[in-house]
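The values are calculated or read from the model by the stated rules, or taken from the named source; none is laboratory data. Fair warning: this is a prediction, and the values are worked out from it, not measured in the lab. All Cβ positions, even for glycine, are placed from backbone atoms using ideal geometry, and neighbour counts span all protein chains on display. What goes into the accessible areas is simple: the full protein's heavy atoms, side chains included, and nothing from ligands, DNA or RNA. Shrake-Rupley method; radii C 1.70, N 1.55, O 1.52, S 1.80 Å.
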Amino acid sequence: MNFLPSESPAALPHVLAVDDDPSIREAVGDYLRGHDLRVTTVADGGEMREILAREVVDLVVLDVKLQTEDGLALARRLRDESAIPIVMLTARDDVADRVMGLEMGADDYLTKPFGPRELLARIRAVLRRRQPELQQGRPEGIRAYRFDGWELNLNTRRLKNRAGETVTLSNGEFSLLVVLLGAPHRTLRRDQLLDLSRLHGDDVFNRSVNTQIMRLRRKLEDDSQEHKYILTERGAGYVFGVPVETVH
């Protein structure tokens with residue numbers, strides 16, 4: 001597994017390349033790193049999931065034919081779990097196969113052998129196409145929020161607790177938490193929470209804001225302790241009460 005060099009700027013787009021051919025991994029990684037991208041290269045789906053579980057990834061380059069797994073199945077699973085863009089690579093120049101990859105959720109498709117310049121161009125094009133959508137779902141291009149040992153990845157829509165375990169959120173809970181984390185220590189009225197949460201593509205109805213807040217509290221805090229994260233300002237609304245770090 002080839003991890004990021006420590007000197008790579010965290011602000012650069014992070015590409016995860018999955019290919020079981022070490023020469024392709026090396027060539028892709030070296031070329032993309034030389035053109036303003038952060039790159040992690042891995043050999044299989046298990047390593048891919050490991051990186052996705054702890055890193056903010058902006059795009060996945062995925063080989064269709066892996067030795068131990070079906071890349072199309074990995075693409076389908078990844079698309080079911082997140083909105084991360086996918087560029088698929090294959091040695092097969094078959095129209096039906098390309099169509100199947102796109103139907104599985106890939107954003108683009110490149111047939112081997114390919115030139116690294118073309119791969120770079122396709123990656124940049126996909127990232128440009130996704131940018132308006134991501135800016136809407138990720139305020140100011142933010143990729144993740146961290147607070148008190150927790151992390152909310154806005155790309156995968158996953159919340160991880162201090163033990164590194166994934167905490168499942170409904171669409172409404174996710175949208176409200178994004179809004180709260182984007183304005184820590186600021187009191188937000190219920191109508192503001194309703195309006196702002198709509199920016200993230202989910203329907204949160206006014207009458208359910210209190211219920212969603214209650215459910216979020218149960219997932220973030222023990223029932224026995226006083227509220228630490230989402231505080232109630234009586235007659236005013238809610239405020240997120242601990243410092244929040246943003247990951248761009």
Considering only region 112-214, give the helices (runs of 4 or more DSSP H) lying wholly within it that have at least 2 residues that are at pLDDT below 80 and under 23 Å from ILE86 (Cα atoms). 116-137
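Taking the criterion of being open to solvent by 20 Å² or more (accessible area, probe 1.4 Å), within 26 Å of HIS248 (Cα to Cα), at pLDDT below 85 and part of a helix (DSSP H, G or I), would at least one residue in region 80-88 satisfy it? Show your work before the answer.
The initial filter retains those residues of region 80-88 that are open to solvent by 20 Å² or more (accessible area, probe 1.4 Å), namely 80-81, 83.
Retained after the next criterion (residues that are within 26 Å of HIS248 (Cα to Cα)): 80-81, 83.
Now drop any that are not at pLDDT below 85, which leaves 80-81, 83.
So of that shortlist, the ones also part of a helix (DSSP H, G or I) come out as 80-81.
Looking through region 80-88, at least one residue is open to solvent by 20 Å² or more (accessible area, probe 1.4 Å), within 26 Å of HIS248 (Cα to Cα), at pLDDT below 85 and part of a helix (DSSP H, G or I).
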Can you tell me how many residues in region 89-99 are open to solvent by 70 Å² or more (accessible area, probe 1.4 Å) and either modelled with pLDDT of 70 or more or assigned to a strand (DSSP E or B) (or both)? 1
For region 37-53, check the following and say yes or no: at least one residue is under 20 Å from LEU154 (Cβ atoms), in contact (Cβ under 8 Å) with a residue 12 or more places away in the chain, outside any helix (DSSP H, G or I) and of a type in the set (Gly, Ala, Ser). no
